Amino acid sequence: MSASGAGQHRAAAIDAVKGAACLLIVLHHLAFYGPMSDAVAPYAPQLVQALSRHGRLAVQVFLVLAGYLAARSLLAMPAQALRRPARLVWRRYLRLVAPCVVALTASVLVAALVRPWFSHPSLPGVPQLPQLLSHLILAQDLLGQEALSAGIWYVAIDFQLYALTVLLLALAMRRRGLASAPEQGAVAGWLLAVAALTAASLFGFNRVSSLDVTALYFFGAYGLGVLAGWITLEPRRLSPGLVVLAAVGAAALAFDWRVRIAVALAAVLVLIAAQWHRAAAEPAPPGPVLRFLAGTGERSYSIFLIHFPVCLLINALVWRAFGADPVFNVLGLALAVLASWWAGDLLHRRVERMKLGWLRTLRWQARLVGMGLASGLVASVN
């Protein structure tokens, strides 16, 4: 297989993992936020309970892959781009926030539509102006505001993690006074900083629950992904890299066992081992399941963003029409997954992939604030 073909296969495999993790998150939220899952739970209690309690662990896979992809992207950039970290962070913000505000607008609209006739703890409250504004800058949790949609906390954390990683690399390059591509000295300094912060998170920050609104809490998983991204650039690094990261992760778990860190460590080790295997063997062509999951992975961010309002609407409609009927609620759950995929595909094609500029993003932000304030006015009248 050619180098480009092998690279495409690696990208498809990573997308497939993202796709599987994304679908697990959708199922987790369907199990966690009722009422359809409440009607189904008596007939499949272990499955619903497992998805509700443990499905969120798929986020650790997203964190690892986000760090991995960030490292691969940053290390391929010219030094001129890395010397302008604010621009890189701004571009990341636009990429994250454009589809995010569209999905949040849908969430506010759906909640306003079903609120008069659907009462359930999963229904978000009437949005307030400070709450809306905090979401525009991805700082709702830092500012103590209630989320407008499930899982939106991850978008804010992803932004913090990327900004912190870019800052560390920019500082390492500035210290070396480089004028071209990142060279070994700057990369080594950056990796040492990432490794130190990863260790500090694994052994310290990640054990403090009050820090879970900050990048410091999650940098353990993300940093393992960043280090894996550098390790997998060279086949000769795979074996020692696997051993070192396994040892660090095992030590962190021996120090304080956490299932979330175990999942992140497993994801990193599988990622490196898979690269090791592909370096030594001809990869097989992807089958239909892998192709479907890879396609889902390409749309995973948009599916992740839009699935909550879709699931909320279907929950409300099914519950109003059929009550606790288990057959229709099972069908409703299946419909919610399919509709989330379709809506995510639409959001991906129309917004995420289009890479909206700051002006169109600002317009969508204004729509979100306007929709939120209007829904609050309607709720106060009723």
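Filter segment 184-214 for residues that are β-branched (Val, Ile, Thr), farther than 14 Å from residue 252 by Cβ and under 19 Å from the mean Cα position of the chain (by Cα) and give the result.
213, 214
Quick one: residue 119 ticks every box in (1) surrounded by fewer than 16 Cβ atoms within 10 Å (Cβ to Cβ); (2) among the hydroxyl-bearing types (Ser, Thr, Tyr); (3) touching a Phe, Trp or Tyr at 6+ places or on another chain (Cβ under 6 Å) bar one, so which box is it?
(3)
Are any of the residues in segment 105-112 under 22 Å from the mean Cα position of the chain (by Cα), in a loop (DSSP other than H, G, I, E, B) and on the phi < 0 side of the Ramachandran plot?
no
For the condition under 19 Å from residue 21 (Cβ atoms), among the hydrophobic types (A, V, I, L, M, F, W, C), surrounded by fewer than 18 Cβ atoms within 10 Å (Cβ to Cβ) and modelled with pLDDT of 95 or more, what is the one hit in 251, 199, 221, 266?
Matching residue, one of 251, 199, 221, 266: 266.
Could you check segment 189-215 and list, in sequence order, the residues that are over 27 Å from residue 146 (Cα atoms) and without any contact (Cβ under 8 Å) to a residue 12 or more places away in the chain?
192, 196
I need a count of the residues in segment 125-161 that are in a loop (DSSP other than H, G, I, E, B) and under 21 Å from the mean Cα position of the chain (by Cα).
15
Under the condition of being of a type in the set (A, V, I, L, M) and surrounded by fewer than 15 Cβ atoms within 10 Å (Cβ to Cβ), which residue from segment 347-361 is nearest to residue 21 (Cα to Cα)?
Result: 354.
Kindly provide the set of residues from segment 123-149 that are closer than 15 Å to residue 105 by Cα, surrounded by 22 or more Cβ atoms within 10 Å (Cβ to Cβ) and not hydroxyl-bearing (Ser, Thr, Tyr), ordered by number.
Answer for segment 123-149, where residues must be closer than 15 Å to residue 105 by Cα, surrounded by 22 or more Cβ atoms within 10 Å (Cβ to Cβ) and not hydroxyl-bearing (Ser, Thr, Tyr): 127, 132, 135, 148.
Just to be sure, is residue 36 at pLDDT 95 or above, within 28 Å of residue 16 (Cβ to Cβ) and not small (Gly, Ala, Ser)?
Criteria met by residue 36.
The values are calculated or read from the model by the stated rules, or taken from the named source; none is laboratory data. Computed from a predicted structure; not experimentally measured. With ideal geometry, Cβ positions are generated from the backbone for all residues, glycine too; neighbour counts draw on all protein chains shown.
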